[in-house]
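The values are calculated or read from the model by the stated rules, or taken from the named source; none is laboratory data. Since the model is a prediction, treat every value here as computed from it, not as a measurement. Counting neighbours? That spans all protein chains shown, and the Cβs are built from the backbone with ideal geometry, glycine included.
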Amino acid sequence: MDPFILLLTAVLPAVVVFLTAFYLIKQFLGGRHAERLTEIKREDRKHTLPLRLQAYERLVLFLERISPGGLVLRVHKSSMTARMLHAELTATIREEFEHNVTQQIYVSDKAWVRVKQAKEETIRIINIAYEQTDEHAPGTELSQHVFETAGRLSHLPSQEAIITIKEEVRRLF
């Protein structure tokens, strides 16, 4: 017989046995590994889901608190001038934002960008209203301009961000 055929008949069964053993071991270990990964993910989700939901809740609360109408009603005091009210409104928004900045680690980049945009656009609404008001005028005049400026918008920035957050929460379930 040809030496090549002899070599092939000797090596071929060994290669088949090796490949079969390798495949079976890989299936056995791979199945256990995949099962363990699934269990780890399940445990991780069990612990992080409540934290994520809490983050979404806190961000919605933040967005509601910086909504121009509610913000003005909460911050305005009868003795304030327009300048004082403007400073207090913008400071309140920034403080509220800083208080909730850590929530970004639990939400998507898209949701966090919308929250930051809502903050900036709300400050812009207040600044536009302030530009229309004499700084020594009573705070009620600035309040009126804030309501008018916000009223001209089809959607408040905070409401748009809340919609994004709600969509994200729905995708979690």
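In region 101-140, how many residues are farther than 30 Å from residue 45 by Cβ, in contact with a helix residue (DSSP H, G or I) (Cβ under 6 Å, 6 or more places away or on another chain) and either among the aromatic types (Phe, Trp, Tyr) or at pLDDT 95 or above (or both)?
Going through region 101-140 one residue at a time, the tally reaches 12.
Being basic (Lys, Arg), modelled with pLDDT of 85 or more, surrounded by 13 or more Cβ atoms within 10 Å (Cβ to Cβ) and more than 30 Å from residue 141 (Cα to Cα): is that true of residue 52 here?
On the way: basic (Lys, Arg): yes; modelled with pLDDT of 85 or more: yes; surrounded by 13 or more Cβ atoms within 10 Å (Cβ to Cβ): yes; more than 30 Å from residue 141 (Cα to Cα): yes.
When the stated conditions are applied, residue 52 passes them.
Is it the case, given these coordinates, that residue 21 is surrounded by 12 or more Cβ atoms within 10 Å (Cβ to Cβ) and more than 25 Å from residue 151 (Cα to Cα)?
So residue 21 does not fit the description; no.
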